[in-house]
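Nothing in this text is a laboratory measurement; each read-out follows from the coordinates by a stated rule. Keep in mind the model is a prediction, meaning the values are calculated, not measured. Note that we place each Cβ from the backbone using ideal geometry, even for glycine, and neighbour counts take in every protein chain shown.
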Amino acid sequence: MAEVPGQPNLPEQETSVAPVPGKTATQAAPALGDATYEIIRQRLDTHAATLRERLSRLDARRQEVFGAIEYKLLQADRIVTANNCVPRDMVPLAGGRFLFGFNVRFGLKQEIDLADVFAIYHRDETTGAWKEAGLDPLQDAAFLRDFKRLYNVYAKTVFRKFSVIDGQLYLVFGVGAGVEDIAAFKWAYNDGEPRYVDGRAEADFRRVGFPAAHAFRWQIPDRESFRYGDHPHLSIEDRVFVECIGGDLTIKVEDNTASGEGIYEEPVEDRYQKVDDAEVAYAALDHLILLKIRPYKETVTRYFIFNEKLRQVVRVDSIGESCVRLPEDQGLVFPDGYYLSTGELKRFEGRTVGMLIERVIPAPNGEDTLFVFYNRTSGEYVLMPYRLIQQRIEERLTCQGFSLFPNGHLLSFRAEPEAQKHHLIQLRQTPFH
């Protein structure tokens with residue numbers, strides 16, 4: 001959840017990125033059967049384009065009849081904090097309010113108060129302005145005692161984030177250098193009205209607050225998967241074959257060790273490595289097979305998507321950070337883009353290192369899904385709204401925190417590197433609650 005300082009938080013530019021150096025399926029397909037394959041592929045492409053056009057017309061007609069909620073920016077405004085601070089996160093409260101968490105440089109101050117870390121704001125529906133509303137929802141005697149004890153015991157305590165999980169609101173603080181060096185306070189969060197529950201909830205939060213980075217498990221091929229010959233390779237469930245010998249990483253679709261030809265290849269650093277020197281793992285997701293390959297003596301792991309139906313390979317290294325499936329098995333989404341089962345790859349500019357999937361928010365309309373990625377070190381969020389019918393993510397929004405309200409409004413902000421009192425926030429209309 002978050003807010004924006006300084007400059008307007010513009011969506012990052014969408015770009016289409018070709019696969020990282022290497023020959024694609026059409027460049028390196030085996031000669032045998034090429035003509036037949038191209039005819040079939042052209043027919044599939046034509047059918048796919050026709051289907052997309054029909055779906056677009058149907059969706060436009062549906063929106064005319066039933067209406068649609070457009071994802072758009074409604075307002076940009078500023079909130080003012082009492083002290084210069086670096087904002088960290090936000091969470092919605094009942095009555096159109098939001099709880100704002102931040103960090104200030106305390107200097108020689110000995111006693112840390114709630115107002116040094118938190119503020120609550122309320123939006124005036126008439127003027128649209130955000131005004132401070134007081135900290136009454138946090139004025140619980142047990143919480144105040146635990147809060148003061150935390151800052152007294154850990155000299156370098158910093159606020160990290162809010163997290164709402166299964167009807168519980170966690171206030172998470174960093175007490176050490178590691179992302180799991182935390183203290184957490186748990187509140188019941190019924191209808192946005194917090195009620196203090198527990199001052200030692202860090203074990204609880206570690207269990208539920210750090211979801212898996214991938215919605216699948218990487219598998220390691222066994223020794224029986226190696227095929228030997230003039231051009232040995234590793235079989236992935238007898239569906240695709242990989243090797244890193246002879247100076248190239250090659251991906252094949254034929255179990256033919258007499259030939260080194262494949263549908264995709266790119267250079268490796270050590271041309272003398274053996275077929276079993278590279279580290280290989282995979283995940284088979286219907287007709288998409290993800291490949292995780294680190295050639296011998298190299299430090300960078302390469303990630304590929306193999307589309308079995310299209311005999312297509314693309315390299316997408318950001319899959320290594322985090323990756324989950326799109327609704328209805330339409331493809332995959334990762335921190336900087338998505339790949340459709342139809343073969344379409346879209347990438348966005350922006351940082352991906354350390355971005356892990358935090359949650360997936362389906363819209364009540366059943367058509368939209370919001371994928372939320374989070375960097376546990378920087379506190380940065382990436383929001384990617386996916387439209388099921390259009391099969392498209394139109395923008396990638398980076399923010400430091402965000403709040404979703406029952407009316408579908410999404411409030412977000414982006415922190416500046418320097419502490420300040422004035423913080424830019426943006427209000428968007430969305431189909432999400």
Label-to-label distance, nm, for residues given as residue 365 and residue 219 (7 Å Cα→Cβ offset):
3.8
Positive dipole terminus of the chain, leading residue within 404, 320, 370 (C-beta point charges)
404
For the stretch 285-291, in residue order, the Karplus 3J(HN,Hα) values (coefficients 6.51, -1.76, 1.60; θ = phi - 60°; whole Hz; Gly and Pro = x) are 10, 6, 8, 9, 10, 8, 10
Calculated [θ] (222 nm, deg cm²/dmol) that DSSP helices of n ≥ 4 give over the chain, each run adding -39,500 (n - 2.57)
-4500 deg cm²/dmol
Degrees, to the nearest 10: 34-66 long Cα axis against longest axis of the chain
30
Ranked 403, 341, criterion: other C-beta atoms within 10 Å, fewest first
341, 403
Taking all pairs of distinct alpha-carbon atoms in the stretch 214-320, Kirkwood radius in angstrom
13.7
Determine, for 208, 104, the number of other Cβ atoms within 10 Å of each Cβ, and report the residues in order from fewest to most.
208, 104
Cα-projected label distance for residue 308 with residue 136, points at 7 Å along beta-carbon direction, nm
6.0
Within the chain, excluding any chymotrypsin sites (Phe, Trp or Tyr not before Pro) found in a DSSP loop (not H, G, I, E or B) and having at most 11 other Cβ atoms within 10 Å, the longest uninterrupted segment runs 1-227
Förster-model FRET efficiency, 30 Å R0, residue 40 and residue 69, C-beta, rounded to 0.05
0.15
The FRET efficiency for residue 328 and residue 111, from their Cβ-Cβ distance with R0 = 60 Å and rounded to 0.05, is 0.65
Sites residue 48 and residue 208 - FRET efficiency at Förster radius 35 Å, r taken between beta-carbons, to 0.05
0.30
Once both axes come from the Cα atoms, what is the angle between helix 141-153 and the longest principal axis of the chain, in degrees from 0 to 90, rounded to 10?
70
Quote the relative contact order of the stretch 75-134 in percent (integer), defining contacts as alpha-carbon pairs under 8 Å separated by 6+ residues.
29
What three numbers, in Å, describe the spread of the alpha carbons of the chain along their principal axes, ordered from the longest?
75, 55, 34
P(r), alpha carbons of the stretch 72-208 - 10 Å bins starting at zero, rounded %:
11, 42, 35, 11, 1
Gain upon complete extension [residue 296, residue 421; 0.36 nm per residue less C-alpha separation]
39.8 nm
Please compare each pair in 72/161; 148/421; 186/346; 72/131; 131/161; 346/421 to a cut-off of 30 Å on the Cα-Cα distance and tell me which ones are over it.
186/346; 346/421
Can you report the principal axis dimensions of the stretch 132-289 using only the alpha carbons, biggest first, rounded to whole angstrom?
76, 34, 31
Scoring the chain by relative contact order with C-alpha pairs under 8 Å, at least six apart, yields a percentage of 23
